[in-house]
Amino acid sequence: MSLTPAFLDELRARTTLSTLIAKSVKLQRAGKEFRACCPFHNEKTPSFYVNDDKGFYHCFGCGAHGDAIRWMTDQRGLPFIDAVKELAQAAGLDMPEQDRRAAEKAERAKGLHELMGEAATWFTERLNGIEGAEARAVLQRRGITPETARTFGLGFAPDSRGKLKDALKSYGDPMLVESGMLIAVEGKEPYDRFRGRLMIPIRDVRGRTIAFGGRIIGDGEPKYLNSPETPLFDKGRTLYNLDRAQAAARKADRVIAVEGYMDVIALAQAGFGEVVAPLGTALTEHQLERLWRLSEVPLLCFDGDSAGQKAALRAAHRALPMLAPGRSLAFVTLPQGLDPDDLVRSQGPGAFEALLAKPEPLVDRLWASEVAAGPLDTPEQRAGLKRRLTELAEQIQDPNVKHEYIAEFRARADQQFGRGPREFRKDQRGPAPARPQPRGTRNARGGWQPPEPPPSHLIKGVQASGLDPILARAVLAGLIRHPVEIARHMEILGSLRSASGALGRLFEAVVEVALTNPAARQLDSEDFLTILARSGFDSVASELLRADTLPFSFTRPAADVARAREDLGEAIAVMAAQPAVDVALAEATAALMRDGTEEAFARQVALSRQRQELLDRLANLMLAEDGNFEE
């Protein structure tokens, strides 16, 4: 069996590395990568990273590094060929046949790529020649410049049944039929598939032409005609313009999916290079996975008409089972009757950018669709709405996301149909019931967030105990190195002075120095050490300054000052917030074990997430000095 480089490259391209690794390792999103505690060695702080764009994992602790195949051999312990077979089965790839046949197949694919490349060149020559005058006029009317036409390789297919066939006759009719360029009808000579059309090459991620889309010139049906599926072209796995959009999407930190070729071309010309399109069908699961590799929340911007909005809703339903923490969709709704091409031509790029700045979250689109599905006047109709929403949420495979959607839909339904406080007549006995408390607010992502309950006696003044000793030592070292920062954080630091033990006493001394020395803002580290020595803290302070092994910029003498001060402020904020969250989480967990209510569960989940966010913020600071996860 011959495993060619092309086959292995395709296998890696079809495998989402984070999804593969997440089957046995709990991953957390960290910017454009994922991170976890390394499965190859014992560690408490995550140093294992997964990068889907580059297709590899790497551990900064032990140096483990590899791709999907290496993961299966090193972590799963499979032989190489068994690892390839398992990945190929999951990716829907047939294993190569015997060496001779595999070589023949690879050679045939190479020939098809060459054929499609020559066809693209031939169409481009026709567009720029006498035959392409009408097609060039169409492009001019649509505002497509010659430069843009060259960038996208646009061409023209003459209205003839045999001109392309004659131009590429050296490949032979069977290969031209296999490539989709000719149509074979039993009992007749094969003839050109594309006739009298503006030709739009469809390229793979490596920029090679694998198919075409043809737009009719003038009147006729179908308006658009695509290549059939071929050994090179799988319509459900291909996104138009993905080869050019990948780099632009990473730079813009977003990816936009629109309906058609001309929308992509017009938007790219207007400066939106991060745009792709499905190929005349609804977005498939494979295409959604491709989009999620480029952005956590791809923007779907389909036409403003009824068909476009139905397509957007189909994509929303298809995405539901695949949602994961941080991974969703958002929708940009165009004015009625306009597509992106129309909008940028009539109102300019700024109008489109303004719409992109205010996308509609997936949960809002689903909610609005179900609410608008029918009347909600009777209890039965409202119960039907709740049932439909629950059924939608139940499609989500990730249990945490599913729970959040169920809770969100329930909260919205309660708010939508809430009747408010009852009105009591004056002759009724007993006090009037209290007005209901606010149900919460929306967070930055548009999700429903319950209000924080009032702090308990345990949480009040919790800063007096429970400090993370390692973090506290690092912060103290940072304050001694950068004493001008004490005044900026006086309020928080003042609340820590009552902490018990040596750390608390040193915090108190640091604050006292700042309070009793008006010139503290101008003190450097040596001056500050001298003042602390008078209070008997010279040895403790000097020992703290030897904490340079701690991976924080503000504990290191040679760090960039501006960066160190910024990181120190973040560390102080985390240090002050963490004890209160820990105590609140302990109380919530106890309440959950005692009461077992949904409210207690939601509270415990929210606090767990809040604590994890603090740990993530701290981990980001600790990793900052080791460099970014870039190859």
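Along the Cα-to-Cβ line of SER346, 7 Å from the Cα, sits a label point; which residues in the range 285-329 have backbone N less than 12 Å from it?
Under cut-off, by backbone N: 304-305.
Taking loop as defined by DSSP and a crowding limit of 16 other beta carbons within 10 Å, which GluC sites (Glu not before Pro) in the range 209-294 fit? Write out the running numbers ahead of the final one.
Working: sites: GLU229, GLU259, GLU274, GLU285, GLU289; in loops: GLU229, GLU259, GLU274.
Those satisfying the criteria are GLU229.
Give the value in nm², to one decimal: projected area of the alpha carbon convex hull of the range 85-239, averaged over all directions. Please report the intermediate quantities before stating the final value.
On the way: hull surface 43.9 nm².
Its Cα hull, projected and averaged over all orientations, spans 11.0 nm².
In debye, nearest 20, what is the charge dipole magnitude of the range 126-266 about its Cα centre with +1 on Lys and Arg Cβ and -1 on Asp and Glu Cβ, if you could check?
Using Cβ point charges on Lys, Arg, Asp and Glu, the range 126-266 gives about 460 debye.
Each residue of the range 286-294 in order: what ³J(HN,Hα) in whole Hz does its phi give by Karplus 6.51 cos²θ - 1.76 cosθ + 1.60, θ = phi - 60°, with x for Gly and Pro?
5, 5, 5, 4, 4, 5, 5, 5, 9
Do any of LYS163/LYS188; LYS358/LYS386; LYS23/LYS402; LYS32/LYS54; LYS169/LYS235; LYS163/LYS235 go past 21 Å between their Cα atoms, and which?
On the way: LYS163/LYS188 17 Å; LYS358/LYS386 27 Å; LYS23/LYS402 18 Å; LYS32/LYS54 11 Å; LYS169/LYS235 26 Å; LYS163/LYS235 26 Å.
Cα-Cα > 21 Å for LYS358/LYS386; LYS169/LYS235; LYS163/LYS235; rest within.
Could you grab the Rg to Rh ratio for the range 170-255? Cα atoms only, Kirkwood for Rh.
Values: Rg = 15.4 Å, Rh = 14.6 Å.
Looking at the range 170-255, the ratio lands at 1.06.
Give me the extension gain from THR597 to GLN612: residue separation times 0.36 nm, minus the current Cα-Cα distance, reported in nm with one decimal.
On the way: separation 15, 0.36 × 15 = 5.40 nm, distance 2.26 nm.
This chain segment gains 3.1 nm when fully extended.
From a point 7 Å beyond the Cα of THR148 in the direction of its Cβ, which residues of the range 197-237 have a backbone N at a distance under 20 Å?
197-203, 213-218, 224-225
Each residue of the range 133-148 in turn: what ³J(HN,Hα) in whole Hz from Karplus with 6.51, -1.76, 1.60 and θ = phi - 60°, glycine and Pro shown as x?
So the Karplus estimates, Gly and Pro as x, are 4, 5, 5, 5, 5, 5, 4, 5, 4, 8, x, 8, 7, x, 4, 5 Hz.
Could you give log10 I(q)/I(0) at q = 0.14, 0.16, 0.26 Å⁻¹ for the range 245-311, computed by the Debye formula over C-alpha point scatterers of equal weight, without solvent?
Debye intensities relative to I(0), on a log10 scale: -0.38, -0.49, -1.23.
Shape verdict for the range 209-335, please, from the Cα gyration tensor: rounded (a/c under 1.5), prolate (a/b greater than b/c) or oblate. Kindly include the intermediate steps, with their values, before the conclusion.
Working: a/c = 1.40, a/b = 1.36, b/c = 1.03.
The shape class here is rounded.
Taking K and R as +1 and D and E as -1, what net charge do the other residues with C-beta under 14 Å from the C-beta of GLN612 add up to?
On the way: positive: LYS26, ARG29, ARG35, ARG609, ARG611, ARG617; negative: ASP582, GLU613, ASP616.
With Lys, Arg at +1 and Asp, Glu at -1, the net is +3.
Test of understanding: what is the full-extension gain from ASP166 to ILE470, defined as 0.36 nm times their sequence separation minus their Cα-Cα distance? Walk me through the numbers before you get to the answer.
Working: separation 304, 0.36 × 304 = 109.44 nm, distance 7.69 nm.
The span from ASP166 to ILE470 would gain 101.7 nm if fully extended.
Take the solvent-accessible surface of the protein heavy atoms, probe 1.4 Å, and return the percent of it on the range 99-211 that carbon and sulfur atoms account for. Display every interim value, and only then the final one.
On the way: 2890 of 5970 Å².
Here it works out to 48 percent.
Give me the tail of P(r) for the range 124-200 as a percent: Cα-Cα pairs with distance above 19 Å.
Values: 1170 of 2926 pairs.
Value for the range 124-200 (Cα pairs over 19 Å): 40 percent.
Could you work out the relative contact order of the range 278-423? I mean the mean sequence separation of Cα pairs under 8 Å and 6+ apart, divided by the number of residues, in percent.
Values: 147 pairs, mean separation 32.5, N = 146.
The normalised contact order for the range 278-423 reaches 22 percent.
Once the Cβ-Cβ distance between THR281 and ALA562 is put in as r, and R0 is 45 Å, what FRET efficiency do you end up with, to the nearest 0.05? Let's see the in-between values first.
Details: r = 51 Å, r/R0 = 1.14.
The value I calculate is 0.30.
Relative to the present Cα-Cα distance, how much length would full extension add between PHE40 and ASP9 at 0.36 nm per residue of separation? It would help to have the intermediate numbers written out before the result.
On the way: separation 31, 0.36 × 31 = 11.16 nm, distance 2.52 nm.
Here the segment from PHE40 to ASP9 would lengthen by 8.6 nm.
The values are calculated or read from the model by the stated rules, or taken from the named source; none is laboratory data. Please read all numbers here as calculations on a predicted model, not as lab measurements. Because the Cβ atoms are built from the backbone with ideal geometry, glycine has one as well, and the counts that use them run over all protein chains shown. Side chains are part of the model used for accessible areas, which takes the heavy atoms of the whole protein and leaves out ligands, DNA and RNA. Shrake-Rupley method; radii C 1.70, N 1.55, O 1.52, S 1.80 Å.
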